[in-house]
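Scroll down for the structure; my scribbles are underneath it.
Computed from the coordinates by the stated procedures, all read-outs in this text should not be read as laboratory data. A quick note: this is a predicted structure, and the numbers were derived from the prediction, not measured. Note: ideal-geometry Cβ built from the backbone for every residue, glycine included; neighbour counts use all protein chains shown.
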There are 2 protein chains.
Amino acid sequence: MPVFLDSASQDFETQFSALLSAKREDSPDVDDTVARIIADVRGQGDAAVLALTAKFDRLALTAETMRFSDAEIAAECARVPRHEAQALEQAAERIRAYHVRQMPEDASWTDPDGATLGWRWTPVSAAGLYVPGGLASYPSSVLMNAIPAKVAGVQRLAICVPTPDGVVNPLVLLAARIAGVDEIYRIGGAQAIAALAYGTETIAPVDKITGPGNAFVAAAKRRVFGKVGIDMIAGPSEILVIADADNDPDWIALDLMSQAEHDESAQSLLITPDAAFGQAVAAAVDKRLQTLERRAIAGASWRDFGAIITVKDLDEAADLSNRIAPEHLELCVADPDALAGKCVHAGAIFLGGWTPEAIGDYVGGPNHVLPTARSARFSSGLSVMDFLKRTTMAKMTPEALKAIGPAAEVLAQSESLEAHGLSVTARLNKLNG
Amino acid sequence: MPVFLDSASQDFETQFSALLSAKREDSPDVDDTVARIIADVRGQGDAAVLALTAKFDRLALTAETMRFSDAEIAAECARVPRHEAQALEQAAERIRAYHVRQMPEDASWTDPDGATLGWRWTPVSAAGLYVPGGLASYPSSVLMNAIPAKVAGVQRLAICVPTPDGVVNPLVLLAARIAGVDEIYRIGGAQAIAALAYGTETIAPVDKITGPGNAFVAAAKRRVFGKVGIDMIAGPSEILVIADADNDPDWIALDLMSQAEHDESAQSLLITPDAAFGQAVAAAVDKRLQTLERRAIAGASWRDFGAIITVKDLDEAADLSNRIAPEHLELCVADPDALAGKCVHAGAIFLGGWTPEAIGDYVGGPNHVLPTARSARFSSGLSVMDFLKRTTMAKMTPEALKAIGPAAEVLAQSESLEAHGLSVTARLNKLNG
């Protein structure tokens, strides 16, 4: 059973705070192991990567077979059933159409002092995308990471995906091909992250690494951060559904379970102004949990971290939502747009009862890589911006320097940075002299 | 003497690679100390902050005096000479005008399938800004961090600035007041970062922390990352000047020294197609180093990390610049705009001989918080975006769900995420049934 809270009860604040601060993830400390792996790959390159792949993935590769050949990719892609390939194509097209609109514009203007100012966006030259192996090897994640990179204009996009015992997910290769990925390596773990960051004889280094992974991958990404850019380190998935009584309890139950089935550490929350509706959803969840394929995982998540919160009205629901800052926020109410206006901290909002969160995972268009663990208070989901960087531009004329140079001289002096001031003074002397 | 390189020489590639990979910073490992300080502040709140301030800053504060009162701020601001106040005001106005243009726009559209998609930007609710004490207590940094936050719409902006032995820099307080900072605390070090991240009885927690600091502050920011957002961890400053022979060697020398005087670990590089001009700049630097107030610092930086590189033409200069990915790039050539088009990795570009980098430090308008240590390959300077986050929005109609829901069902099944698929199926059944 999940926890039931009522905002009208006396100990609500205590219970809600406990819910907010519940530690859902208990990552093993693998930092020492990862540090050794990274040092090995930096020191020995391919040889270290191959030895570690033999050890962890029980797979004997060579420098030549580390990378999937075009023929291998084509052969795997041909194994994908037609309806799956079509679904991937449709998803890719929608994701691309959404992310193309995110491309920011350059700017340049001349201000009243005569200074020409602006900025310019340019893509990261090379990016690496990590794709987990085994159960969590999701083709949808390949699309969600690779398409923004290619839309941004990244020239070289390399994927690392482990293939334990040689088992390949053909859908991952097809998704990579559809997204325009340039290189695919069958390596994984911290050794793959190290190879992407520092390069080996076979793998050229990249500038930015994104994508999900296990504790080893996450620790490796933290360690190489600075040498390369990384995306967020994602925590377990979360959904908050705000629903009034005018919903089918089974739909809401399925939406809650679609997060819970990801991971025992996932969190599914329902806020409703109608206590009876909350009970009906709980009953619908229990019924679905009898038959769901992943009922063991979903049931554990729901039991340990699920909650149904009754509130007095939707304004209170929005206030609580802002304290939760959920990764996914589903608004199943009569006027979802009005409620969305009040929910200011959320990774992604799904408006109305016809928008199950799962649409966003696959085909909606927006990215499904989103801030978890309350970080939507200060961060955003993956976008083309993650594969671009901005260079600011400034150009003075002699007149502009006359207008603003003296202030720079004064401030440089006040900060005791004499050469700063003199670099302006020398030029002004020429103009005035 | 700096190192002299010539791209035509046989061992150039070796020398240039060595220059690129030179380790300029040797941060002490203070992580254990910082971990203890953070734990103390989380456990004991104000009491820990006050004890640590007494210890490190030799300053006896109470919970009441930890924060500058409005009267104290007004009294300190009144001490600032009029010409300095005016320079700060002019700088603030220009920085504000530049950053206002960075505000991104919300978007919403309905696509051919009937899905309404878009995104919305909202500000971080509360931000904290760290300002170092002592010599590196720069009022310009206050403006550069605080103004983007306020332009973004951050409601609550708190500054922590240590005042060792009670010594206050009135310009810092005035800059804070001009920028619209809401709270100023006279505390510093890892204890200030911990207080901002976790809160104490006196200081409410914030969502994002920015600003420069020493090794303790940097380690504390790394540790609280995740609980709050942080800006980059900046390394020592750098400048690359690309200059042809048609420049005054003394101007270029001063530009190089304006980075070198920051820090013995700073790096100043000149690339020129004219070897004789390079020698002339070296001579001009030597002359300036005889009289500069900060000649000890600037001289050490120039000796240990400075370089003058002769190239065959400006195209080669652009190629080397892209490998360096400098924080500051100054283009003192006949057609700086054309050359800027080829320099794709740089934090900020200063175009033409009338635009000394120091203009950008104070009054140009663009931000002076910029990516160091080659990270301009994948990251950008501080901007209003650092104080905003994006929420993606999606709203399906029944027709849209009919059009794209089936693809989501197929992909959910292919990823063995049954509840994801069922959440779509249940709705489609209602529509079809």
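With the Cα gyration tensor of the range A:31-230 giving a ≥ b ≥ c as the square roots of its eigenvalues, does the rule (a/c under 1.5 for rounded; else a/b larger than b/c for prolate; else oblate) give rounded, prolate or oblate? Let's see the in-between values first.
Working: a/c = 2.41, a/b = 1.32, b/c = 1.82.
Judged from the Cα gyration tensor, the range A:31-230 comes out oblate (a/c at least 1.5, b/c at or above a/b).
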Could you give the distance between the Cα centres of the range A:359-422 and the range A:240-318, to the whole Å?
41 Å
Put the label 7 Å from Cα along Cα→Cβ for residue A:103; what are its distances to the other copies, in nanometres, shortest first?
2.6
Straight distance only, please: which aspartates and glutamates reach the Cα of residue A:312 with their own Cα at less than 14 Å, same-chain residues fewer than 8 apart left out?
A:6, A:244, A:274
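Full extension from residue B:100 to residue B:74: what is 0.36 nm times the residue separation minus their Cα-Cα distance, to one decimal in nm?
On the way: separation 26, 0.36 × 26 = 9.36 nm, distance 2.73 nm.
Gain on stretching residue B:100 to residue B:74: 6.6 nm.
Pick out, in residue order, every one of the GluC sites (Glu not before Pro) in the range A:37-117 that is DSSP loop and has at most 11 other C-beta atoms within 10 Å; say none if there are none.
Working: sites: A:64, A:72, A:76, A:84, A:89, A:93, A:105; in loops: A:64, A:105.
Loop-located and lightly packed - A:64, A:105.
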Mind telling me which of A:345, A:262, A:83 comes out most flexible in a GNM of chain A, alpha-carbon contacts under 10 Å?
A:83
Springs between alpha-carbon pairs under 10 angstrom, Gaussian network model over chain A: which of A:113, A:315, A:46 fluctuates most?
A:113
Helix-derived mean residue ellipticity, 222 nm - over chain A, DSSP H n ≥ 4, -39500 (n - 2.57), to 500:
-14500 deg cm²/dmol
Exam field: residue A:296 pseudo-label spacings to other copies (7 Å along Cα-Cβ), nanometres
6.8
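Classify chain B from the C-alpha gyration tensor, please: rounded if a/c falls under 1.5, else prolate or oblate depending on whether a/b exceeds b/c.
On the way: a/c = 1.98, a/b = 1.23, b/c = 1.62.
Oblate, because a/c is 1.5 or more while a/b does not exceed b/c.
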Which listed pairs, of A:287/B:227; B:23/B:55; B:150/B:227; A:342/B:150; A:221/B:395, have C-alpha distances above 27 Å, in listed order:
A:287/B:227; B:23/B:55; A:221/B:395
Rounded D (µm²/s) - the protein assembly as shown, Kirkwood Rh over Cα pairs, Stokes-Einstein at 10 °C, 1.306 mPa s
55 µm²/s
Out of A:309, A:62, A:15 - ranked by how far each Cα lies towards the positive end of the dipole of chain A, with unit charges on the beta-carbon of charged residues - the top one is A:62
Need the list of lysines near residue B:402 for cross-linking: C-alpha distance under 18 angstrom, and skip anything on the same chain fewer than eight residues off.
B:430
Sequence gap at least 6, Cα distance under 8 Å: using those rules, report the relative contact order of the range B:195-351 to the nearest whole percent.
21 percent
Among A:268, A:140, A:416, the residue with the largest mean-square fluctuation in a Gaussian network model of chain A built from Cα contacts under 10 Å is A:416
Specify the inter-centroid distance of the range A:150-167 and the range B:37-78, based on alpha-carbon positions, in whole Å.
50 Å
homo-copy label distances at residue B:74 (7 angstrom along Cα-Cβ), nm, one dp, ascending, are 8.0
Give the relative contact order (percent, whole number) for chain B; include only Cα pairs under 8 Å separated by 6+ residues.
20 percent
Among the aspartates and glutamates, which fall within straight-line cross-link reach of residue A:389, defined as a Cα-Cα distance under 19 Å, with same-chain neighbours fewer than 8 residues apart omitted?
A:105, A:106, A:207, A:231, B:105, B:231, B:238, B:319, B:327, B:330, B:337, B:386
